[in-house]
Amino acid sequence: MMHSPLDFTAHAKMMMQERMIQEDWVENTVNVPDMIEEKRYDEKHYLKQIPQNAGKFLRVIVNPSIIPPPDHSVL
């Protein structure tokens, strides 16, 4: 399942920098998730184990209702 490029919000960029999360980890999590959780109509959670980060799981929260689709905004 391949998605269009992600549009990172300012909050997402700040959290990625603060938590040392690499952009390719986020993109890989959305493109090839281990699990997807549908939370609300405007929120989808993508989860993936990241071997390069001591096997920790990364949770990427996406708002699929942002227009124009098919781009995804990472919250």
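Before moving on, here are some points about what is shown:
- None of Ile21, Ile66 is in contact with a helix residue (DSSP H, G or I) (Cβ under 9 Å, 6 or more places away or on another chain), touching a residue at least 24 places away in the same chain (Cβ under 8 Å) and surrounded by 14 or more Cβ atoms within 10 Å (Cβ to Cβ) except Ile21.
- Residue in the stretch 30-50 that is assigned to a loop (DSSP other than H, G, I, E, B), among the basic types (Lys, Arg) and more than 16 Å from Ser65 (Cα to Cα) present: no
- Residues located in the stretch 51-61, provided they are outside any loop (DSSP other than H, G, I, E, B) and either in contact (Cβ under 8 Å) with a residue 40 or more places away in the chain or farther than 15 Å from Pro5 by Cβ (or both): Pro51, Gln52, Asn53, Lys56, Phe57, Leu58, Arg59, Ile61
- Subset tally (residues that are within 18 Å of Met15 (Cβ to Cβ) and exposed (fewer than 12 other Cβ atoms within 10 Å of the Cβ)) for the stretch 34-51: 1
Values quoted throughout were computed directly from the atomic coordinates according to the rules given, and no laboratory measurement underlies them. Given the structure is predicted, the values throughout are model-derived calculations rather than measurements. Every residue, glycine as well, gets a Cβ built from its backbone with ideal geometry; the counts of neighbours run over all protein chains shown.
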